[in-house]
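K.L.:
Mind looking over this structure? Questions follow.
The values are calculated or read from the model by the stated rules, or taken from the named source; none is laboratory data. Keep in mind that this is a model prediction, so the values were computed, not measured. Glycine also receives a Cβ, built like all others from the backbone with ideal geometry; neighbour counts cover every protein chain displayed. Surface accessibility is based on the protein's heavy atoms, side chains included, excluding ligands, DNA and RNA. Shrake-Rupley method; radii C 1.70, N 1.55, O 1.52, S 1.80 Å.
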Amino acid sequence: MQQQSHPLPSPVPGTARQIESFHFGPAAAPKVYIQASLHADELPGMLVAWYLKQRLAELENAGRLNRHIVLVPLANPIGLEQVLMDTPLGRYQLESGENFNRHFADVTDAVGDAVAPLLGADPAQNQQHVRQALRAALLAQQPTTQLQAQRLVLQRLACDAEMVLDLHCDFEAVEHLYTTPEAWPQVEPLARYLGSQASLLATDSGGQSFDECFTLVWHKLAQRFAGQFELPMGSFSVTLELRGQGDVSHALASRDSQAILNYLTHYGAISGVADALPELLYPATPLAAVEPVATPEGGVLVFCALPGEYVDAGQRIAEVIDPLTDRVTPVHNRQAGLLYARSLRRMATAGMVVAHVAGTEAFRSGYLLSP
């Protein structure tokens, strides 16, 4: 194992932060990249990464790693330090108000212009040209803020990986994941090992999030050079949602780390025999079919359905109670599906999204993510 430190520019004198990456396996092999807690108040993945670090070191010593695996257990030192009156605030940067998992650099045009005169009849060589151009384009970026620098460090570490796993969690939730329709055949075994109860697919969900800042480059370049050169997808990304923010335990983390190791073994990144594939608990569905269920009134929020329940169309999944007027406002979902996540808050404000239901028929378009 090799540890590398990636310093971030200090926003004011006398302060310093850095990102630490851990590197396992043969450096010349294709790369797998895994990071945790990009939303710094989402800690289940950080504990899973700690478990992975121990096991990957053992597997490296045993000579069983067939890929170069890069692990970043703490992807957001800026957000991890944001604690206000004993409340961690790791989803948005307090200075800018920006979501830490949005607005990653889009260098598609620069990469396309760089590889246009180099592409040819060899698809594998075309992929290498793109990877080299992608690295060069990101190295050429000059950040002006610490947040931009943090994003670029993570992008530069992951840009040439054939697989990117981004470990997150929701507020209160069951296991679920996000990936692209194109990558789903490769990702389905991971959904099975993880026990994912919802697998949400979108090519471009908006916001230029970390997982899509790689897949979109390959997708757009394939469109740009369609009919001229064969350019297979050189990377796929998965955002793994490891239940809810409170689901931090040795039992869950060891289980999840073993699921990831089983998947990497099944994929061929680790030598050995993976456990038999479990059944897929719920079919993959479009992210555009997810219903964000909002309440029209404010008040005390009382849920009537749990994460992991299949809810019928029009079911009462929560109530909002006004303790002054005694008004009870029922909250119904419009479409049937799996209620996979709900809010941690129990005082609702009018218009607040309180739950998400994974339906099967796409009905949304444009920006599909939470703020």
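K.L.:
Any residue at all in the stretch 113-134 that is closer than 27 Å to E230 by Cβ, touching a Lys or Arg at 6+ places or on another chain (Cβ under 8 Å) and at pLDDT 95 or above? It would help to see each step written out before you state the result.
P.N.:
To start, the set of residues in the stretch 113-134 that are closer than 27 Å to E230 by Cβ comprises 113-134.
Filter once more, so that each one left must be touching a Lys or Arg at 6+ places or on another chain (Cβ under 8 Å): none.
No.
K.L.:
Okay, next question. Please list, ordered by first then second residue, the pairs with beta carbon atoms under 8 Å, 6 or more apart or interchain, first in the stretch 106-129 and in contact (Cβ under 8 Å) with a residue 24 or more places away in the chain, second among the aliphatic types (A, V, I, L, M) and loosely packed, with under 13 Cβ neighbours inside 10 Å.
P.N.:
As it stands, the answer is A110/A140, since those pairs meet every condition given.
K.L.:
Could you tell me whether the stretch 158-166 includes any residue that is small (G, A, S), modelled with pLDDT of 95 or more and within 14 Å of the chain's Cα centre (by Cα)? Show your work before the answer.
P.N.:
Initially, the stretch 158-166 is screened for residues small (G, A, S), giving 158, 161.
Then drop every residue that is not modelled with pLDDT of 95 or more, which leaves 158, 161.
This time we only want the ones that are within 14 Å of the chain's Cα centre (by Cα), so: 158.
Yes, the stretch 158-166 contains a residue that is small (G, A, S), modelled with pLDDT of 95 or more and within 14 Å of the chain's Cα centre (by Cα).
K.L.:
In the stretch 5-31, how many residues are open to solvent by 10 Å² or more (accessible area, probe 1.4 Å), closer than 26 Å to V187 by Cα and either not in a strand (DSSP E or B) or not hydrophobic (A, V, I, L, M, F, W, C) (or both)?
P.N.:
So the count comes out to 8.
K.L.:
Taking T144 and the conditions (1) part of a loop (DSSP other than H, G, I, E, B); (2) over 18 Å from L38 (Cβ atoms); (3) under 16 Å from the mean Cα position of the chain (by Cα), which numbered condition does it fall short on, given that it satisfies the others?
P.N.:
(3)
K.L.:
Quick one: what pairs do we get from the stretch 263-274, first residue in contact (Cβ under 8 Å) with a residue 40 or more places away in the chain, second part of a loop (DSSP other than H, G, I, E, B) and not basic (K, R), C-beta under 7 Å, 6+ apart or different chains?
P.N.:
That search, which allows pairs on different chains as well, returns H266/A274; G268/N66; A269/N66; I270/N66; S271/N66.
K.L.:
Among the residues of the stretch 270-288, is there at least one that is of a type in the set (S, T, N, Q) and either open to solvent by 60 Å² or more (accessible area, probe 1.4 Å) or under 21 Å from M352 (Cα atoms) (or both)? Don't jump to the end; show me each part of the working.
P.N.:
Applying the first criterion (of a type in the set (S, T, N, Q)) to the stretch 270-288 yields 271, 285.
Now drop any that are not either open to solvent by 60 Å² or more (accessible area, probe 1.4 Å) or under 21 Å from M352 (Cα atoms) (or both), which leaves none.
No, that holds for no residue.
K.L.:
In the stretch 236-259, how many residues are under 30 Å from N126 (Cα atoms) and either buried (at least 23 other Cβ atoms within 10 Å of the Cβ) or more than 16 Å from the chain's Cα centre (by Cα) (or both)? Reasoning before the result, please.
P.N.:
From the stretch 236-259, those under 30 Å from N126 (Cα atoms) are 236-240; that's our starting set.
Within this subset, residues satisfying the condition of being either buried (at least 23 other Cβ atoms within 10 Å of the Cβ) or more than 16 Å from the chain's Cα centre (by Cα) (or both) are 237-238, 240.
Selection size over the stretch 236-259: 3.
K.L.:
Anything in the stretch 86-135 that is out of contact with any Gly (no Cβ under 9 Å at 6 or more places or on another chain), open to solvent by 70 Å² or more (accessible area, probe 1.4 Å) and farther than 23 Å from A40 by Cβ? List them, or say none.
P.N.:
Once the filter is applied, which keeps residues that are out of contact with any Gly (no Cβ under 9 Å at 6 or more places or on another chain), open to solvent by 70 Å² or more (accessible area, probe 1.4 Å) and farther than 23 Å from A40 by Cβ, the stretch 86-135 yields D106, D109, D113, P117, L118, A121, D122, Q125, Q132, R135.
K.L.:
I've got another one for you. For the stretch 304-316, state whether one or more residues are surrounded by fewer than 21 Cβ atoms within 10 Å (Cβ to Cβ), within 24 Å of Q197 (Cβ to Cβ) and touching a residue at least 60 places away in the same chain (Cβ under 8 Å).
P.N.:
Yes, the stretch 304-316 contains a residue that is surrounded by fewer than 21 Cβ atoms within 10 Å (Cβ to Cβ), within 24 Å of Q197 (Cβ to Cβ) and touching a residue at least 60 places away in the same chain (Cβ under 8 Å).
K.L.:
If you scan the stretch 28-46, which residues turn out to be among the aliphatic types (A, V, I, L, M), at pLDDT 95 or above and more than 26 Å from Q146 (Cβ to Cβ)?
P.N.:
Filtering the stretch 28-46 for residues among the aliphatic types (A, V, I, L, M) gives 28-29, 32, 34, 36, 38, 40, 43, 46.
Restricting the remaining residues to those that are at pLDDT 95 or above gives 32, 34, 36, 38, 40, 43, 46.
Selection gives V32 alone.
K.L.:
Here is a further query. Just to confirm my filter: which strands (runs of 3 or more DSSP E) fall fully inside the stretch 157-259 and include at least 2 residues that are among the small types (G, A, S)?
P.N.:
Hits in the stretch 157-259: 198-201, 236-244.
K.L.:
Going through the stretch 32-85 one residue at a time, which ones are surrounded by 18 or more Cβ atoms within 10 Å (Cβ to Cβ), more than 18 Å from the chain's Cα centre (by Cα) and assigned to a loop (DSSP other than H, G, I, E, B)?
P.N.:
N66, R67, Q82, listed by residue number.
K.L.:
So which residues in the stretch 1-21 are more than 21 Å from A57 (Cα to Cα) and of a type in the set (V, I, T)?
P.N.:
If the condition is that a residue be more than 21 Å from A57 (Cα to Cα) and of a type in the set (V, I, T), then V12, T15 are the ones that fit.
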